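What follows is one structure encoded as structure tokens, with my remarks underneath.
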Amino acid sequence: MRSDGIFKPKVALPIVTVIALVMRLIPLRHKYMLGYDPYFHLAYIEEALKAGEWFNFLTIAGGPGGYQVRDFHPLGLWMTPAYVYKFLKVFGVSLYNAFRITPVIFGVLTVVFFYLALLKLYDEKKAFFASLFLAISFGHVFRSMANYYRGDNYMLFWYSVALLGVALAISMKDKLGNLRFALYLVPALASGFASIFWQAYYPIFIFLLANAVFLAVGAFILDKKENLLDALALVLSTVLGAFMANSLGGKFGYGMLGYDQLGKRVAEKLMLEFGTIKDAYLLVHVKYLVPLGLAFIILIFILGKFIKDRKARAGVLIGLAVLGVFVLFHRFEALKELSTGFGIFIEAPIQETQPSSFSDLWKAFSISLFLAPLFFLRFDPNRVNMSDFLILGLIFPSIYMIKTWTRFLFIGSAAIALMAGIGVVELYETLNRLDGRKVSAVGIGLLVLLPMVNGGFSIKETYSLRPYANEHWEEALTWLRENSNENDIVLAWWDYGTWVIYYSRRSPVAQLGPNTGVALYYLDKLDENWAMNLGVDYVVVSYYDFLKFGAIVDTTKMDPKYNITEKYGLIVLPLTSTVGALVFQRGDYRIIAKPGETWNVIVNLNRQVISPKELYVEYQGRVMKPELSASNTNTYLYINLDYKYAVFMNEEAFNTTLVRLFINANEPYELVYSDGGVVKVLKLKHPNVIVEEVNGSVVFYFENATGTGLGIWGFLDNGTKVFEKWYGVKGKEEFELPEEVNGTVIRYAYAVGKKIVDRGIFRRD
């Protein structure tokens, strides 16, 4: 086979597909899934399949009020793995494994469709290398790999389908003539379908509209008037896609800017009113962005009749771009808040919504980051073509998104890969035009070496990923499921709320996002009365909460009602030596502890030697408080000999609820589960309600039956409240749910006078 034979589609496409598949299957070696969100998604899918319907009101999340699933994502996010499972189960594949490999399927398909699109827009070599760089891009692998399920994977997949439709329409102009415009139904359908898989699917519309605008720019500069019609058709296809997305939203749930979610707030800021279209972005798109795009295309069509010089045309375009941006942001000043999610992510301590650092960019793209600018070699006046301008519609929005949030590194990965792949080929062809065999050999070497280096970095990053979940969490939360009531409410740090849902099938107070209440509770700014008012029955604390202590403190600062003035100090140190003494060290902190009848403990901090006020040692499930030989500071030390770590803290940190529950819990808390130092479960003792089904009736049982009133609220599955009433239960130890109570989902509150001492939620069978 000739060296060029590898670039033939029948060879190139299988190679790229296999590489993409292997890269994304690497994390399948782990027993546990990566991250936190996938556990919520899988739990809901399991419950829905068990119920035989895609119900909305999930009672094992969002305690104590429950969680309306369609306020989170459209249903397609959960339906897709379920249908993958139904197809694969005939081959013996479990739901767990079907769910884990679903991201791989759509990630690989994205690479395939990008290859097919670029094959139409460019040549075989450029299509191969661009798709190869996407296949090995860790930025893309990260959210399309096994064991990590996220919705943006679907959006980029549908955009790859849309791009193929546009590429076919443009490339088949001579063969199909005007019939090619029917192919613009592909981006219309793709953008519409994207709306049912991810709550933030909107970038597909931005990309397609930008594709159209830059296609018009290319037609204007290159004097390709016929391509202005393609630009018009692409803009209009997004209108059809927007109306399709709006229609599907009524059936599957709207995106995050839907009228029943964040969209109401955004619409008010943008001075918009919902009517037929019930999504704030779609409303802006159809009402303003599309007309602006059409006006721009028509304007440059007119200007093209009078301005013939390319440089003059470029100058006009720059002026129009500046004017368009000014008009858009002057009319919608609130759009300046777009990069912060219209203000909702300004202060949230979430890594995903922070600007991308160089370290983030390097991990995602490695050397592709430096190869990407080579793409602009294409803009030599003798080589540039319409495809280059079309791709700019993906590149420029992607660069802005990459800069804004680390979350968008995945979405921007396609643009970086296309630029790097095409740029490398451009560099090779430039070198090839120079005289000399050595120069040509260098070019060939680069074609082989650069993807290998990029792939090596990506494999390293992918292989280094480790699940946060582990046996400690699984055993603790499984114990909780087996030893608690179905209506019990659990308090844990929000990261672990999804694990509570999945393993315990209990409703956590927090999951999927920062919760200031839980943070304030952990820092002792809210007490057990606050927890009882939420119906909290169990509190989970863990070694990992100490590692996240800084995030807990930062989260409390999101609540404007509390002025946190304490200077909390807490650090976790691993055991590094046991020779002669126990040595724990991290950074500038070094702790030396010598056991005995009295313990000698010294802390070395930047050559300053201090001793703690109190020491707690946990060994084989028992916490001891040894005497210290010396003490000269108000600092505290906890040592865990089973798991070989120490926690050193100041007085403010030591006096928090989190530390107290982990080290020396007392009334009204009871330690009911401990693995000796990783995960601990405590029961909050209070007048508790247990809900059970007895002979077809729902019965409330009251532990410590001091309550005087029981409030009951009934809701339909769509969240509509259909019943509300308080019942007197003073002196009663049980109470049967009255027949008059309507609703599929029942919330209850148990009160002593006006004080709520327990809450909960359950679904009637």
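A few remarks follow.
- Over all directions, the projected convex hull of the C-alpha atoms in the chain averages 40.9 nm² in area.
- Signed unit charges on C-beta, dipole axis of the chain, positive-most listed residue 402, 698, 576: 402
- Scaled radius of gyration (Cα, divided by 2.2 N^0.38 Å) that the range 642-697 gives: 1.63
- Heavy atoms of the protein chains alone define the surface here; on that basis the range 469-584 has 36 Å² accessible area per residue at 1.4 Å probe size.
- Cα pair distances exceeding 21 angstrom across the range 147-222, given as percent: 34 percent
- Pair-distance profile P(r), taking every C-alpha pair of the range 1-67, with 10 angstrom steps and integer %: 16, 26, 19, 18, 13, 7, 1
- Convex hull volume per residue, computed on the Cα atoms of the range 152-464, equals 155 Å³.
- Checking every one of the trypsin sites (Lys or Arg not before Pro) in the range 574-650 against DSSP loop status and a limit of 10 other Cβ atoms within 10 Å picks out 607.
- Using the Cα coordinates of the range 131-178, the gyration tensor eigenvalues translate into equivalent-ellipsoid semi-axes of 30, 12, 6 Å, sorted from longest to shortest.
- Tail weight of P(r) past 14 Å, computed on alpha-carbon pairs of the range 688-763, percent: 58 percent
- Accessible area per residue for the range 688-763, computed on protein heavy atoms with a 1.4 Å probe, is 50 Å².
- The reciprocal of the average 1/r between distinct C-alpha atoms defines the Kirkwood hydrodynamic radius, which for the range 164-304 equals 15.6 Å.
- Cross-link pairs 557/683; 126/403; 567/613; 269/561 - those with Cα-Cα distance over 20 Å: 557/683; 126/403; 269/561
- Projected area, mean over directions - the range 514-630, Cα convex hull, nm²: 9.7 nm²
- Probe 1.4 Å, all protein chains present, accessible-area order of 478, 656, 565, largest first: 565, 478, 656
- Dipole magnitude of the chain, debye to nearest 20 (Cβ charges: Lys/Arg +1, Asp/Glu -1, about Cα centre): 2980 debye
- Carbon plus sulfur fraction of accessible area for the chain, probe 1.4 Å, in percent: 58 percent
- Shown for the range 73-175 is the translational diffusion coefficient from the Stokes-Einstein equation, using the Kirkwood radius over Cα pairs, a temperature of 20 °C and a viscosity of 1.002 mPa s: 145 µm²/s.
- With kT/(6 pi eta Rh) evaluated at 20 °C and eta = 1.002 mPa s, and Rh the Kirkwood radius from Cα pairs, the range 629-738 diffuses with a coefficient of 117 µm²/s according to Stokes-Einstein.
- Counted by Cβ distance under 14 Å from residue 534, the other residues give a net charge of -1, where Lys and Arg count +1 and Asp and Glu count -1.
- Averaging 1/r over each pair of different alpha-carbon atoms in the range 20-117 and inverting the result gives 14.9 Å, the Kirkwood hydrodynamic radius.
- Lys/Arg +1, Asp/Glu -1 at C-beta; the chain dipole; positive extreme among 632, 188, 502: 188
- Span-rule helices in the chain, defined as complete DSSP H runs reaching 20 Å or more along the axis (Cα) with Kyte mean at least 0.5: 9-25, 95-121, 152-171, 203-221, 226-252, 290-304, 310-331, 386-404, 409-432, 437-464
- Sorted largest first, extent of the range 391-529 alpha carbons per principal axis (Å): 81, 31, 25
- Taken per residue, the accessible surface of the range 152-464 reaches 44 Å², heavy atoms only and a 1.4 Å probe.
- Non-local Lys pairs in the range 688-763, i.e. 8 or more apart or on different chains, that have alpha carbons under 21 Å apart: 6
- Gyration tensor (alpha-carbon) shape descriptor, the range 471-557, a/c threshold 1.5: oblate
The values are calculated or read from the model by the stated rules, or taken from the named source; none is laboratory data. All figures in this text were calculated on a predicted structure; none of them were measured in a lab. Note that we place each Cβ from the backbone using ideal geometry, even for glycine, and neighbour counts take in every protein chain shown. Surface areas here come from the heavy atoms of the whole protein model, side chains and all, with no ligands, DNA or RNA. Shrake-Rupley method; radii C 1.70, N 1.55, O 1.52, S 1.80 Å.
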